[in-house]
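This report concerns only the one structure given below.
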Amino acid sequence: MKRSSLSIISIITAILVSSCSREGLPEQQSKEEAPVQGKEEIFEQGVIEVKFDDTLTEKIEADLKAGGAVTKATSSGLFDLYSSMGIISMERIFPYAGKFEPRTREAGLHRWYRVVYEPSAATVTKAADSFAGLPGVEYAEPVRKKKLAAAIFNDPDFHNQWHYYNDGSLSSRHSAGADINVVPVWENYTTGNPDVIVSVVDGGIDRNHEDIKANYYTGQSFVKGYGVEAHGHGTHVAGTIAAVNNNGIGVCGIAGGNGKDKGVRLMSCQIFVTNPDNPSKDIGGSSSEAIKWGADNGAVISQNSWGYSYETEADAKKAHEQGLSGPDKDAIDYFIKNAGLDENGNQVGPMAGGVVIFAAGNDNLPYGLPASYEPVIAVGSMTSQFTRAPYSNYGNWVDIAAPGGDTSYGQGGVLSTVPGGYDWYQGTSMACPHVSGVAALIVSYFGGPGFTNEQLKEKLLGGARNEFSSMRIGPVMDAYGAFTYGGTIAPEPVTSFSAEAVSNNIDMTWTVTRDDDDRKAFGYILVATQNRTSLEDINFRRLPSDVVSQTVLVGDLNVGDEISGRITDLDFEETYYVGIAAYDYNQNYSELSAVRTVRTLSNNPPEITVEYDGYEPGNVLQIKSFETVRIPVNVADRDGHDVSINLTPGSDAVKGAADPSSGKYVLTITGNAADPGTYTATLTATDSYGAAVSEDINYEILPNRAPVIIKELENMIFTYIGEKTAIDMSAYIHDPDGEHLKFDIYISDRNVLHINPSGNTLHMTALNYGNSDVTITASDSRNESCTLAFSVLIKDPSSSLELYPNPVTDYLNVRTGEEMETRIVVMSASGQTVYDKTAPVSAFSPAKIDMTACAPGRYSVKVSYGGNEYIRSIVKL
Amino acid sequence: MKRDIVRVFISVVCAGFMFPAAVSAAPGSEAMPFARIARDPVSAAMGGTGVVSTSASAYASFRNAAAIPYAKNTLDVAAAYMNWQPSVSPVQDISAGAAWNIAGKFGIAAGFSYGACEKYDIMDASGKAAGSFSPSQVQAGLGLAWKFLPFLSLGANVKYLGNTLAEGQSYGAVASDVFLMTKVAGLKAAVGVSSLGSKVKSASGAGFSLPASATLGLGYGLKAGKRHGVDILVDADYYFSGAFAAAVGASYTYNDLVSVRAGYRYGGESVIPSFASVGAGVKFFGVHIDVAYIIATGGSPLRNTFSVGAGFSF
């Protein structure tokens, strides 16, 4: 577990260059002795992770059964703490695991809880301290923010390859650290060397795959009658070992190079071919020949993701007990003995002798041949949650566990290459190439004359993580652990450094020191105390209580690079004795550097700077009623202390919030959210030690002026359906404040006319013949408005005269075009004249004839104007 | 009893004449005005007269059934086509009628007409076209007559008037004509009420009366030798709406074979405007063919109206 934390931190610090941490500290160091310190922004806010002892865990579980660990925190005795911190929730980090719950509890994972609380109640460091001080709490730490390590390579799907780097962010079923910890190896040691050849005894590798081609070496088919053909299983395995890295496409391979330098070479020893008649069953070939051919053609690592089939479990058990025999056994022995050697036994490859790595098998049985053959490295499969994959064979014969995935949940499988693309697979077949890939990296870096297969195995297995023995598939593969395995030499001590007080912090700068067996220091511990004697013969694994410490991880810095760190939260204006010690991945500590004396300084209050054009302290900012003004405020603390900001807005118009993108605090003044008048907003910044500063910002919200009509809109005539016109409303309505107005449009007949407002322009479209009344109401942000009304007539040019409605029940409208004296005669069906009048008539002033006194029936209307006479039939109902 | 009939009839007619004094309707306020159109070409050619016509009795059910017992023939059957107001709002009207003179004592008549009107454009309240519709008008009637005195007959018609104006919008009414008629030598006279009937309700619920009137008809037939005959008819209507109309028509017949006709109607404020008309007819072995043409001034909607018909009588 400890190495897991270290690996994550190393990745983070690779980018941050410098950060403060205690994850790298020795396990023995107690929480009281080394409180977590550092800038809060590097932690997730409002959440800490806590581990309880068995007794307290039982009480908390009782509370949970009673209805909630927070609301019913009676038996656990944590209620007061919950109340004071505003605890929102407390849940197990590793949820109830069903049939795996017993072994989950056996591993102590049930005692881990994630506590979410109200962030304003306390900083995460203080919250962690509050928990750490309670009896029964074994561990209480803030949660560091995770950063993707993918920046090291540009392969777009790397973030899905949790099996290489798992920060727990893919889903709730991905646990941080459940990976092979290969990123620090890429950063500090190697990404693969083409001198190393890995023979993939499997289905054929897709040699033309875009993400494999550059690292493909050669191949040979051991299936009679077939050449090397691209096979899904074989290509997936090969991609895990050496898919090309940093090429901007697809996925990463463990030993796939860095884009500039090639990775290890892939040798395809084909023993499976897809059966064209039954694609679900492959055609098999000679595995023993394939293994031996690898040794005779330069491979030093034999990757084997295959095993034997048995009819029954009893058969498998019997075979397991009898052990491996036959040509495969001899071929394996041959590979181990002769790989890397010429016909005379001289080492010609990067390693003398070979390693044969086998998948343990996917039968969920404690047997598995050939993997259980003792000379080979048997690989079991782990999920993204630090659990044995449900299919994985297991037992003491399994040498090492690696991620093989579980495709029963999203992104739970292993992502790698398949012919023509990429896919998620699961199986010990997928776990096995992780070990082969790491083995290839080790040979790439350590290989050379004299480097033997036994040395490789020792590093590979010795560097693995042992804390997950309950999985019964061996220790968990740890690439960085393998590279640093066996290191007993502490890094060189820091010989010189600078130390400077910044308020109650001390900034220290030094250079990265080398490590004879690990190349460079893994991290540094910075210590400070007011008692000089506490630093004499200091035991870094058990720091005295009066010593304050911070850790700084080296990440991807190199020996000689400048590195810096800060010890925070010291007492003000006190004299401290400070020093630095280096440590490696195996927690070998150097001597403490020379001790220097630094006096901390007094506290300075934060500073507030309003960064708004034209703003001068004491001036009054004038805000128009419709305006929304953003005023960036820079709040800084020269001492680097955390700062809280309090805003007294003065009116409802002012809101304040931090802007993460700019790092500023932004005041937003919304003019129409308060009545016109003059107000004062007061911004107060207070650092974590109580020093405060305030800034008054005066602002005036100006009175609103309603929009006014400049000119009336005249009635309009459209002469065809589909005709469009646009009206610039700024020619008709003006807002004295210069505000953009909102236009509400009422159309009496939407089948006739459509109006689409766009800014200040109304786009009108004639939809059908007819007329419609239009009312446009222009409103400002305070809903003061003015209204324009006009009529629109869409007139059929072929119809110079329109009588409507027809049939008529009361009034008949007679509409012509241009205004003219018009004679209208209405005659009954029998010819009787019932109406005869002459009056001006136009399109927008139709004659209105009262037909209410006319009996139901048919009538003729004769309309005469402009020298023309028109006759129409109408009906009165 | 015969005296009672005459007494009742006179009361009804007098009431008809008295009624308009109390009620004065605006033009167009009378429903189903097409009921007053003279459809048969003989009447149309003579200014629309025919209340006392005894030579063209087939259409008696449209005006005066009391004339049937005085008819020259036992049975008269006729049909006609009329294009009404062709230059304004054409109506293609077909009509048919028959009258049976039973021994000069009784009479039975029946008639039917159907008019297909010009299609009009349906417009909604905003002036948007919404289709079209062709209205229609129909009339069906039955008449009975009884010559209860050697010189006096009583006749009555009952008619159904229908007018379909729009989809789902049809109107109907029942009307009657009641007349008392006498003939002494060549002089004929009739008095009665025409188109007296139920009201028609508009969509808004207002009631509208039929174009009823008190009607007086006079006629005189003159024979000049065996070959020449002249008939002169006069109709006068005093509408209950207050309007007055009168018409005069004359017919000359040669050898009982060929007829020419002319007439004039003064419409006043009545439902049928003024017009002059001419017409002609031939008759051969009981079969007669007649035509009529209405001569109207330029502004009259009736101009160019014509009617053509055929019939058989014996």
Quiz item: When both residues are 6+ apart or on different chains and their Cβ atoms are under 8 Å apart, which pairs have a first residue that lies in the range A:115-133 and is in contact (Cβ under 8 Å) with a residue 12 or more places away in the chain, and a second that is assigned to a loop (DSSP other than H, G, I, E, B) and among the hydrophobic types (A, V, I, L, M, F, W, C)?
Solution: A:T125/A:V36; A:A128/A:V36; A:D129/A:V36; A:S130/A:A122
Practice problem: Among the residues of the range A:757-774, write down those that are modelled with pLDDT under 90 and away from chain B (no Cβ under 13 Å). | Solution: A:P757, A:S758, A:G759, A:N760
Practice problem: Restricting attention to helices (runs of 4 or more DSSP H) lying wholly within the range A:79-140, give those where 2 or more residues are of a type in the set (D, E) and at pLDDT 75 or above. | Solution: A:101-106
Quiz prompt | Selection status of A:V223, out of contact with any strand residue (DSSP E or B) (no Cβ under 6 Å at 6 or more places or on another chain) and assigned to a loop (DSSP other than H, G, I, E, B) | solution = no
Practice problem: Output the number of the condition that A:I473 fails; it satisfies all remaining conditions of (1) crowded, with 24+ Cβ neighbours inside 10 Å; (2) part of a helix (DSSP H, G or I); (3) touching a Phe, Trp or Tyr at 6+ places or on another chain (Cβ under 8 Å). | Solution: (2)
Quiz item: Scanning for something within 14 Å of another protein chain (Cβ to nearest Cβ), free of Cβ contacts under 8 Å to residues at least 12 places away in the same chain, in a loop (DSSP other than H, G, I, E, B) and surrounded by fewer than 20 Cβ atoms within 10 Å (Cβ to Cβ), does the range B:113-131 turn up at least one residue?
Solution: yes
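Got a number for residues in the range A:741-789 being more than 20 Å from A:N704 (Cα to Cα) and either in contact (Cβ under 8 Å) with a residue 12 or more places away in the chain or in a loop (DSSP other than H, G, I, E, B) (or both)?
Going through the range A:741-789, the residues more than 20 Å from A:N704 (Cα to Cα) turn out to be A:745-759, A:761-776, A:788-789.
From the residues that got through so far, the ones that are either in contact (Cβ under 8 Å) with a residue 12 or more places away in the chain or in a loop (DSSP other than H, G, I, E, B) (or both) too are A:745-755, A:757, A:759, A:761-776, A:788-789.
The total comes to 31.
Could you pull out the residue among A:F446, A:F540, A:F468 that is over 30 Å from A:F100 (Cα atoms), among the aromatic types (F, W, Y) and touching a residue at least 40 places away in the same chain (Cβ under 8 Å)?
Working: A:F446 fails: touching a residue at least 40 places away in the same chain (Cβ under 8 Å); A:F468 fails: over 30 Å from A:F100 (Cα atoms).
The conditions single out A:F540.
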Exercise. For A:V708, state whether it is in contact with a strand residue (DSSP E or B) (Cβ under 7 Å, 6 or more places away or on another chain) and at pLDDT below 95.
Key: no
Exercise. Write out, first by first residue and then by second, each pair whose Cβ atoms fall under 8 Å of each other, whose residues are 6+ apart or on separate chains, and whose first residue, in the range B:260-272, is farther than 12 Å from B:I294 by Cα while the second is assigned to a strand (DSSP E or B) and β-branched (V, I, T).
Key: B:V260/B:V278
Exercise. Return only the number of the condition from (1) within 25 Å of B:A130 (Cβ to Cβ); (2) touching a Pro at 6+ places or on another chain (Cβ under 9 Å); (3) at the interface with chain B (Cβ under 7 Å from one of its Cβ atoms) that A:T809 does not satisfy.
Key: (2)
Quiz item: Among the residues of the range A:532-546, which ones are more than 13 Å from A:I580 (Cβ to Cβ) and either part of a loop (DSSP other than H, G, I, E, B) or within 37 Å of the chain's Cα centre (by Cα) (or both)?
Solution: A:E536, A:D537, A:N539, A:R541, A:R542, A:L543, A:P544, A:S545, A:D546
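Just a yes or no: is a residue in the range A:483-498 part of a helix (DSSP H, G or I), of a type in the set (F, W, Y) and over 24 Å from A:V200 (Cβ atoms)?
Pass one, the range A:483-498, residues part of a helix (DSSP H, G or I): A:483-484.
Now drop any that are not of a type in the set (F, W, Y), which leaves A:483.
Going one step further and asking which of them are over 24 Å from A:V200 (Cβ atoms), we end up with none.
The answer is no; no qualifying residue exists.
Okay, residues lined up against (1) out of contact with any Lys or Arg (no Cβ under 9 Å at 6 or more places or on another chain); (2) closer than 24 Å to A:P605 by Cβ:
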site: A:G618; (1), (2): yes, yes
site: A:P632; (1), (2): no, yes
site: A:D637; (1), (2): yes, yes
site: A:V666; (1), (2): no, yes
site: A:A674; (1), (2): yes, no
Practice problem: Determine which single condition A:G614 fails, assuming it passes every other condition in (1) on the phi > 0 side of the Ramachandran plot; (2) under 32 Å from the mean Cα position of the chain (by Cα). | Solution: (2)
Practice problem: Would you check which residues across the range A:712-740 are in a loop (DSSP other than H, G, I, E, B) and more than 24 Å from A:F626 (Cα to Cα) and list them? | Solution: A:E712, A:L713, A:E714, A:N715, A:T719, A:Y720, A:I721, A:G722, A:E723
Exercise. Could you check how many residues of the range A:226-252 are crowded, with 22+ Cβ neighbours inside 10 Å, assigned to a loop (DSSP other than H, G, I, E, B) and out of contact with any Gly (no Cβ under 6 Å at 6 or more places or on another chain)?
Key: 3
Quiz item: A:K795 passes all but one of (1) at pLDDT 90 or above; (2) among the charged types (D, E, K, R); (3) over 49 Å from the mean Cα position of the chain (by Cα); which number fails?
Solution: (1)
Quiz item: among the aliphatic types (A, V, I, L, M) and at the interface with chain B (Cβ under 10 Å from one of its Cβ atoms), is that true of A:A847?
Solution: no
Quiz prompt | Hits in the range A:681-704 (condition: farther than 30 Å from A:H641 by Cα and either free of Cβ contacts under 8 Å to residues at least 24 places away in the same chain or surrounded by fewer than 17 Cβ atoms within 10 Å (Cβ to Cβ) (or both)) | solution = A:E700, A:L702, A:P703
Self-check item: Residue list for the range A:501-539, restricted to those being under 12 Å from A:V554 (Cα atoms), among the β-branched types (V, I, T) and surrounded by 17 or more Cβ atoms within 10 Å (Cβ to Cβ)
Solution: A:V512, A:T513, A:I525
Quiz prompt | Pair list, Cβ under 7 Å, 6 or more apart: the range A:851-876 residue more than 8 Å from every other protein chain (Cβ to nearest Cβ) and under 22 Å from A:E818 (Cα atoms), other residue surrounded by fewer than 19 Cβ atoms within 10 Å (Cβ to Cβ) and of a type in the set (F, W, Y) | solution = A:V863/A:Y870
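Can you tell me how many residues within the range B:248-275 are within 14 Å of another protein chain (Cβ to nearest Cβ), assigned to a strand (DSSP E or B) and crowded, with 19+ Cβ neighbours inside 10 Å?
2
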Quiz item: Out of the range B:40-89, which residues are within 14 Å of chain A (Cβ to nearest Cβ), assigned to a strand (DSSP E or B) and not hydrophobic (A, V, I, L, M, F, W, C)?
Solution: B:N83
Self-check item: the range A:816-832 residues that are farther than 26 Å from B:V271 by Cβ and facing another protein chain (nearest Cβ under 7 Å), paired with ones that are part of a loop (DSSP other than H, G, I, E, B) and at pLDDT below 90 (beta carbon under 8 Å, 6 or more apart)
Solution: none
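The values are calculated or read from the model by the stated rules, or taken from the named source; none is laboratory data. No experiment lies behind these values; they were computed from the predicted model shown. Quick reminder, even Gly has a Cβ in these numbers, built from the backbone with ideal geometry, and neighbours come from all protein chains shown.
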